[in-house]
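Engineer: Take a look at the following structure, please.
The values are calculated or read from the model by the stated rules, or taken from the named source; none is laboratory data. Remember, it's a predicted structure, so these values are computed and weren't measured experimentally. When we count neighbours, we look across all protein chains shown, and the Cβ atoms used for this are built from the backbone with ideal geometry, even at glycine.
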Amino acid sequence: MRASSPGASLWSNRDFMLLWGGQTLSNVGTAVSLLAFPLLILAVTHSPAQAGLISAMRSLTYLSFVLPAGALVDRWDRKRVMLVCDAGRLLTMGGLFVMGLMGALNIEVLYITGFVDVLLGTFFSIAEVTCLPQVVSQEQLPAAMGRTQASMGIMNLLGSPLGGVLFSLQMFLPFLVDALSYLISIVSLLLMRARFQEQREIVAHNLFKEITEGLFWLWKQPLLRSMALVTSGSVFFGAGLTLVIIIIAQHSHASSGLIGLILSIGGLGGIIGSMLATHVQRRLRFAFIILGTLWLDALLWLLMAPLPSPFWLGCILAAIFLVSPIYNIVNISYRFALTPDEMRGRVNSISRLISNGLAPLGLTLAGWLLQYYGPTTTVLLAAAGQILLAALAMLSNPIRRAHLSPTIKPR
């Protein structure tokens with residue numbers, strides 16, 4: 001059964017409010033530790049190379065486990081998966097805090113902590129996004145997606161500044177705060193009454209076969225296949241956005257505090273975009289929204305080429321972050337509508353792998369271009385890539401002919 005009747009307000013959906021509130025606080029805690037983690041690595045090892053290697057290891061861990069995570073989440077009880085992952089991350093971050101106070105931290109502990117944190121986070125995120133259509137009614141899903149995207153904006157708005165403040169007070173304090181945020185998430189999940197998936201038939205399982213089944217199913221859906229490839233290109237060309245913002249801001253002699261403020265303004269734009277997404281989705285065709293956001297993104301990147309002042313840089317970043325959740329919510333809502341519940345974990349994990357698989361390469365290329373050719377050339381090349389991507393998307397028949405998201409029917 002669903003947690004609320006179809007016509008009920010999302011605010012009155014008790015289970016969703018528990019899920020959303022718990023995950024919003026948990027996301028803020030995650031942002032706090034994400035900022036503090038590279039700072040802690042540098043403090044412990046005094047090696048930027050080690051910081052880079054651990055960051056690469058975290059990215060590779062996600063890419064390596066996202067496909068099996070999707071298949072296993074379709075197989076396992078999603079709520080139990082989320083509870084186990086949160087409990088594991090609570091122990092991981094709490095253990096890091098205790099070992100830090102005891103003076104027992106070393107590079108091996110940091111590698112293990114980073115691996116476990118990303119591994120459990122991968123399983124949790126797949127389970128969270130795939131359970132949403134079971135927690136809310138079909139009419140509430142777009143608004144629920146908007147709230148979920150808004151959580152990411154709140155995470156960017158509050159988490160990074162708070163992480164910096166806490167790290168300056170005591171370098172291990174951010175990890176205690178993150179551990180406590182996972183405890184809050186566990187409590188909110190335990191209080192929920194909704195089932196996180198439909199009834200499953202007990203059958204013999206073959207992990208590789210299940211992943212392959214999900215891959216072939218997605219590839220046979222022209223629109224989902226096209227959107228996964230377009231999103232992959234968008235992520236690739238935009239992967240270096242944060243680094244580009246920092247370099248341009250430093251070009252204007254912005255302080256670290258001002259750079260943090262610019263990034264927080266971007267988070268505010270993300271919150272506004274999440275609030276607008278549902279209204280945009282109700283009024284405009286799918287194709288118009290997707291193509292429009294792609295062209296807007298390309299235009300906003302071009303506006304950074306003259307290396308604007310910190311004020312205008314913050315405004316441009318807020319606009320980019322405003323457009324992003326509109327694209328994401330419309331894209332994911334359509335994917336939910338077309339995907340059977342028993343395959344949502346696999347299809348979402350495969351879509352994520354395709355979409356994010358080129359992100360490490362894009363970030364590496366952006367860093368190399370910034371170092372050797374400067375921010376203007378880097379921005380112009382990224383904008384050119386975004387323009388090419390938008391033009392190719394316009395030539396895609398599945399995208400161009402898509403209409404409003406179909407209604408999600410109870411299965």
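Engineer: Does region 293-300 include one or more residues that are in a helix (DSSP H, G or I), in contact with a Pro (Cβ under 6 Å, 6 or more places away or on another chain) and either outside the structural domain of Ala382 (by TED's automatic domain parsing) or buried (at least 20 other Cβ atoms within 10 Å of the Cβ) (or both)?
Structural biologist: The initial filter retains those residues of region 293-300 that are in a helix (DSSP H, G or I), namely 293-300.
From what's left, in contact with a Pro (Cβ under 6 Å, 6 or more places away or on another chain): none.
Checking region 293-300: not a single residue is in a helix (DSSP H, G or I), in contact with a Pro (Cβ under 6 Å, 6 or more places away or on another chain) and either outside the structural domain of Ala382 (by TED's automatic domain parsing) or buried (at least 20 other Cβ atoms within 10 Å of the Cβ) (or both).
Engineer: Please verify whether region 127-139 includes one or more residues that are under 19 Å from Ala179 (Cβ atoms), buried (at least 17 other Cβ atoms within 10 Å of the Cβ), among the small types (Gly, Ala, Ser) and at pLDDT 90 or above.
Structural biologist: Taking every residue of region 127-139 in turn, none turns out to be under 19 Å from Ala179 (Cβ atoms), buried (at least 17 other Cβ atoms within 10 Å of the Cβ), among the small types (Gly, Ala, Ser) and at pLDDT 90 or above.
Engineer: Can you find a residue that is outside any helix (DSSP H, G or I) and assigned by TED's automatic domain parsing to the domain that holds Ala249 anywhere in region 370-386?
Structural biologist: First, the residues of region 370-386 that are outside any helix (DSSP H, G or I): none.
No, region 370-386 has no match at all.
Engineer: Within region 158-193, work out how many residues are in contact with a Leu (Cβ under 8 Å, 6 or more places away or on another chain) and either in a loop (DSSP other than H, G, I, E, B) or of a type in the set (D, E, K, R) (or both).
Structural biologist: 3
Yes/no matrix, rows are residues, columns are (1) in contact with an Asp or Glu (Cβ under 9 Å, 6 or more places away or on another chain); (2) within 23 Å of Leu361 (Cα to Cα); (3) among the β-branched types (Val, Ile, Thr); (4) surrounded by fewer than 17 Cβ atoms within 10 Å (Cβ to Cβ):
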| site | (1), (2), (3), (4) |
| --- | --- |
| Ser59 | no, yes, no, yes |
| Ser64 | no, yes, no, yes |
| Ala69 | no, yes, no, no |
| Leu72 | yes, no, no, no |
| Lys79 | no, no, no, no |
| Met82 | yes, no, no, no |
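Engineer: Among (1) more than 30 Å from Ala249 (Cα to Cα); (2) over 22 Å from the mean Cα position of the chain (by Cα); (3) of a type in the set (Gly, Ala, Ser), where does Gly374 come up short?
Structural biologist: For Gly374, the failing item is (1).
Engineer: Here's a follow-up. Thr278 versus (1) of a type in the set (Val, Ile, Thr); (2) surrounded by fewer than 20 Cβ atoms within 10 Å (Cβ to Cβ); (3) farther than 21 Å from Ala383 by Cβ: which is the lone unmet condition?
Structural biologist: The failed condition is (2).
Engineer: Would it be correct to say that Met99 is under 22 Å from Tyr182 (Cα atoms) and within 18 Å of the chain's Cα centre (by Cα)? If you could, list the steps in order and put the result at the bottom.
Structural biologist: Numbers: under 22 Å from Tyr182 (Cα atoms): yes; within 18 Å of the chain's Cα centre (by Cα): no.
Against the criterion (under 22 Å from Tyr182 (Cα atoms) and within 18 Å of the chain's Cα centre (by Cα)), Met99 does not qualify.
Engineer: Just for helices (runs of 4 or more DSSP H) wholly inside region 205-272: which have at least 1 residues that are charged (D, E, K, R)? I'd like the intermediate steps shown before the answer.
Structural biologist: Details: elements: 207-219, 222-238, 241-251.
So the answer is 207-219, 222-238.
Engineer: Here's a follow-up. Under 8 Å between Cβ atoms, at least 6 apart or on separate chains: pull out the pairs that start in region 347-365 with a residue that is under 12 Å from Ser232 (Cα atoms) and end on any residue that is modelled with pLDDT under 80 and part of a helix (DSSP H, G or I).
Structural biologist: The qualifying pairs are Ala359/Ser59; Pro360/Ala56; Pro360/Ser59.
Engineer: Surrounded by 19 or more Cβ atoms within 10 Å (Cβ to Cβ), out of contact with any Phe, Trp or Tyr (no Cβ under 7 Å at 6 or more places or on another chain) and farther than 20 Å from Ile154 by Cα: which single residue out of Ile271, Ile320, Ile316, Ile289 fits that description?
Structural biologist: On the way: Ile271 fails: farther than 20 Å from Ile154 by Cα; Ile320 fails: farther than 20 Å from Ile154 by Cα; Ile316 fails: farther than 20 Å from Ile154 by Cα.
Testing whether each residue is surrounded by 19 or more Cβ atoms within 10 Å (Cβ to Cβ), out of contact with any Phe, Trp or Tyr (no Cβ under 7 Å at 6 or more places or on another chain) and farther than 20 Å from Ile154 by Cα leaves just Ile289.
Engineer: Looking at region 240-261, can you tell me whether even one residue there is small (Gly, Ala, Ser) and within 19 Å of the chain's Cα centre (by Cα)? Before the answer, list the steps.
Structural biologist: The initial filter retains those residues of region 240-261 that are small (Gly, Ala, Ser), namely 240, 249, 252, 254-257, 260.
Those left that are additionally within 19 Å of the chain's Cα centre (by Cα): 240.
Taking every residue of region 240-261 in turn, at least one turns out to be small (Gly, Ala, Ser) and within 19 Å of the chain's Cα centre (by Cα).
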